[in-house]
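Inspection log for the structure reproduced underneath, given as structure tokens.
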Amino acid sequence: MPSSSSIPRILRVAVPAPLFQSFDYLAPSGIDLSALQPGMRLRVPFGRGKRVGILLGVASQADISAARLKPALELLDETPALAPDMLDLCRWAAEYYHHPLGEVLATALPTRLREGGPMQAARSRKTKPTPTESSTAHTLNPEQAAALDQIRQALGRFQVQLLEGVTGSGKTEVYLQAITEVVARGQQALVLVPEIGLTPQFVARFRARLGAQLALAHSGLADGERLNAWLAAREGSAAVVIGTRSAVFTPLPKLGLIVIDEEHDGSYKQQEGFRYSARDLAIRRAQQAGVPVVLGSATPSLESLHNAASGRYQLLHLSQRAGAAEHPPMHLIDVRGQYLREGLSNALIAHIRRHLDAGGQALLFLNRRGFAPTLLCHSCGWVAGCKRCDAHMTLHHAQRKMRCHHCGAERAPEPACPSCKSSDLLAMGQGTERVEQALQEIFPDVGLARIDRDTTRRKGSLDRLLEEVHSGQARILIGTQMLAKGHDFPDVTLVGVLNADGGLFSVDFRAPERMAQLITQVAGRAGRASRPGQVYIQTHQPQHPLLNQLIRAGYRAFAEVALQERREAAYPPHGHMAVLRAESVQPAAAMKFLEEAAALARETLPDSVELWGPVPAPMERRAGRVRAQLLLQSRTRKPLHALLREWVPQLDGLPTTRRARWSLDVDPQDLM
Ligand code: ADP
Ligand code: ZN
Ligand code: ZN
């Protein structure tokens with residue numbers, strides 16, 4: 001009988017691979033077993049290569065025969081790269097999203113560490129300091145003071161607080177004062193924002209108030225800078241971290257408060273691979289850490305409003321704009337049968353002229369970039385399509401390019417119709433570039449600024465455009481949803497929404513919610529006390545109940561009607577969903593795989609879970625692959641997740657799995 005000391009010590013390792021299992025290794029030679037702790041990184045042999053895995057634990061018995069065990073190659077850490085709390089969070093996330101733990105753990109690490117690099121500060125290229133603004137704490141108005149007081153009372157325990165307040169109502173000021181208090185107690189705070197590049201003012205205010213205690217963590221940073229921010233948070237030299245989605249995984253040993261700004265924003269959901277919601281993970285993290293989490297928004301998601309109404313979240317409300325006007329009134333412009341000049345009605349043009357004459361600025365919102373979304377042959381009806389997607393190519397006029405907005409494909413515009421050789425090609429419909437050109441003709445003496453992904457691609461160009469608006473050099477702004485985020489335009493007195501109808505007809509169940517959020521957010525960028533704003537919305541559906549509710553009674557009233565519709569359809573938050581998506585190069589393989597998956601699910605499908613499909617995706621072909629999806633829906637979460645737990649790990653065993661690529665999306669943002 002072997003003595004206990006000769007029993008091989010087995011290392012159980014999570015390896016980043018799309019597999020629902022951990023892998024066993026022997027300890028690397030010459031290493032002190034007592035030094036091993038879960039969360040440490042190990043370089044291990046895997047298949048024909050090597051991977052960086054995370055140690056989950058040490059076992060005395062292996063899952064495979066001892067003869068097949070290989071030794072791990074190298075221990076990479078002296079202290080765990082993932083502390084116990086982060087390991088717990090990742091375990092929870094892997095279970096909740098039914099995603100392989102190894103991939104989840106890899107997501108939680110900065111790139112340098114994921115690749116096996118040392119856990120020490122990278123030499124910084126000089127990092128550009130973020131601009132600071134002089135900013136001193138304001139004396140809070142009574143509503144702000146009440147909100148701050150509630151947050152303060154919640155410090156030290158788990159509580160979700162929904163801070164609902166229109167743009168400019170002073171939410172950021174409340175965050176800042178709450179965070180200052182947390183820092184004064186020797187604790188740390190995590191602030192999540194949708195996109196850092198779009199919110200320079202927000203970061204500048206934090207920088208001014210917190211100085212060197214602030215670290216930024218977002219995808220715009222070089223890998224070395226990102227690692228340094230991660231280390232600063234881990235060591236505690238950064239008391240506050242502001243970051244985008246993946247910053248939810250920043251190690252914060254003294255976490256005292258989490259803030260999620262613009263909590264309704266869709267960019268908190270990762271849309272590929274490990275499809276997590278950073279907002280929902282942050283809430284889970286706050287619960288684990290026993291700290292409050294503040295969700296801020298002028299237009300809270302229907303989920304959060306529902307949770308506030310049911311008492312799960314505490315509602316903190318700011319109804320007044322700090323030192324500013326009431327929310328601007330909204331009007332519909334019925335464009336049915338009206339002449340439209342590149343999407344602009346005469347009524348809207350007249351309103352713009354009136355506001356410009358009175359010294360105001362105008363902000364026009366159109367959620368479509370480029371010149372025209374369709375290029376059509378007038379002679380034979382040919383349409384310029386993407387060769388890899390079921391989609392039209394968008395014409396980008398100034399750049400002389402046709403672009404697919406779905407796969408990124410690009411080509412020169414056809415000089416003549418490839419089908420009938422006619423040169424009579426028509427650019428149909430409007431994007432921001434075309435509307436800008438029309439406005440230039442209508443208002444030849446007025447400065448224009450177009451703000452969309454095309455005009456802001458180059459570093460510094462967004463700042464320059466914003467500066468033109470703030471200095472008054474540009475007096476008409478035209479742009480996409482980038483305009484809805486972060487910025488304030490105090491001299492804007494007119495907001496025009498060129499087309500509200502897209503959100504009313506989409507197959508996506510969240511489209512009306514997004515439309516209402518966008519309109520409300522764009523409207524909120526305008527006006528201040530001395531210059532109250534007006535909002536004009538062009539529509540072909542002036543009777544539409546949701547649109548009318550929004551216009552007449554505001555976002556909250558809209559949300560109530562929309563929530564009622566969701567209740568009837570058992571859509572979130574009145575139901576829970578998971579979508580299994582598949583795509584394949586061979587036309588039928590994705591569908592075939594999903595049919596097999598559906599058959600497997602039906603073997604154990606409880607009555608409380610409904611299974612729909614498989615059906616082709618709304619855009620069936622994208623980037624050269626054919627796509628299909630299967631929807632699982634349930635009024636309650638438990639039976640759905642119980643089914644997923646059994647079902648998902650079996651999917652790789654289905655006969656056609658090799659010919660299709662699949663991914664599971666729990667709590668999908670859309671069904672596209
Ligand atoms: P939000 O985050 O809701 O958009 P902010 O906190 O950015 O609102 O406040 C809007 C503007 O009002 C900012 O310029 C801010 O400095 C100012 N402000 C905020 N709170 C107060 C206050 N209590 N007194 C005076 N000004 C304030
Ligand atoms: Zn033709
Ligand atoms: Zn394409």
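No value in this document is a laboratory result; all are computed from the given coordinates. On a predicted model such as this, the values are computed, not experimentally measured, just so you know. Positions of Cβ are backbone-derived with ideal geometry, glycine not excepted, and every protein chain shown enters the neighbour counts.
Overview of results
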| quantity | calculated |
| --- | --- |
| Compactness of segment 362-483 as Cα Rg over 2.2 N^0.38 Å, two decimals | 1.16 |
| Quotient of Cα Rg and 2.2 N^0.38 Å for the chain, N being how many residues it contains | 1.03 |
| If the convex hull is drawn through the Cα atoms of segment 624-672, its volume per residue in Å³ | 89 Å³ |
| Segment 84-229: Rg to Rh, with Rh as the Kirkwood radius over Cα pairs | 1.00 |
| Only Lys, Arg (+1) and Asp, Glu (-1) charged, at Cβ; segment 190-309 dipole about Cα centre in debye | 300 debye |
| Largest-first principal axis extents, alpha carbons of segment 205-315, Å | 42, 31, 28 |
| Coordinate range along principal axes, alpha carbons of segment 249-288, Å, largest first | 31, 22, 15 |
| Cα-based Kirkwood hydrodynamic radius, segment 515-672, one decimal, Å | 18.3 Å |
| Distance violations [Cα-Cα > 31 Å] among Lys387/Lys638; Lys401/Lys459; Lys50/Lys638 | Lys387/Lys638; Lys50/Lys638 |
| Segment 51-116 - convex hull of the alpha-carbon atoms, volume per residue in Å³ | 115 Å³ |
| Rg ratio (alpha-carbon, reference 2.2 N^0.38 Å) - segment 473-546 | 1.17 |
| Debye, to nearest 20: dipole size of segment 337-455, +1 on Lys, Arg Cβ, -1 on Asp, Glu Cβ | 320 debye |
| Eligible aspartates and glutamates near Lys70 by straight Cα distance, threshold 17 Å, same-chain separation 8 or greater | Asp24 |
| Extension gain (nm, one decimal) between Asp508 and Arg602, 0.36 nm per residue minus Cα-Cα | 31.3 nm |
| The chain - charge dipole about Cα centre, Lys and Arg +1 at Cβ, Asp and Glu -1, debye rounded to 20 | 1360 debye |
| Segment 183-256 - Kirkwood radius from inverse mean 1/r over Cα pairs (Å) | 12.1 Å |
| Farthest positive-ward along the chain dipole, Cα basis, beta-carbon charges - from Ala215, Pro532, Met577 | Ala215 |
| Unpartnered cysteines - no second Cys beta carbon under 4.7 Å - across the chain | Cys90, Cys407 |
| Ellipsoid equivalent to segment 151-225 - semi-axes via the Cα gyration tensor, in Å | 22, 17, 13 |
| Extension gain (nm, one decimal) between Arg464 and Glu115, 0.36 nm per residue minus Cα-Cα | 121.9 nm |
| When segment 255-328 is reduced to its Cα atoms, the Kirkwood hydrodynamic radius in Å | 13.8 Å |
| P(r) weight above 24 Å for segment 406-550, C-alpha pairs, percent | 44 percent |
| Approximate shape of segment 292-356 as ellipsoid semi-axes (Cα gyration tensor, √5λ), whole Å, largest first | 38, 17, 9 |
| Ratio Rg/Rh, restricted to segment 8-132 and using Cα atoms, in which Rh is the Kirkwood radius | 1.03 |
| All aspartates and glutamates inside 12 Å of Lys592 as judged from Cα atoms, apart from same-chain residues fewer than 8 positions distant | Glu583 |
| Which of Tyr97, Tyr536 has the fewest Cβ neighbours within 10 Å, and the rest in rising order | Tyr536, Tyr97 |
| Semi-axis lengths (Å, descending) of the ellipsoid that matches the C-alpha gyration tensor of segment 329-378 | 25, 14, 11 |
| Cα gyration tensor shape for segment 150-281, rounded if a/c is under 1.5, else prolate or oblate | rounded |
| Sorted by Cβ neighbour density within 10 Å, fewest at the top, the residues Trp662, Trp382 | Trp382, Trp662 |
| For segment 260-416, convex hull of alpha carbons as volume per residue, Å³ | 232 Å³ |
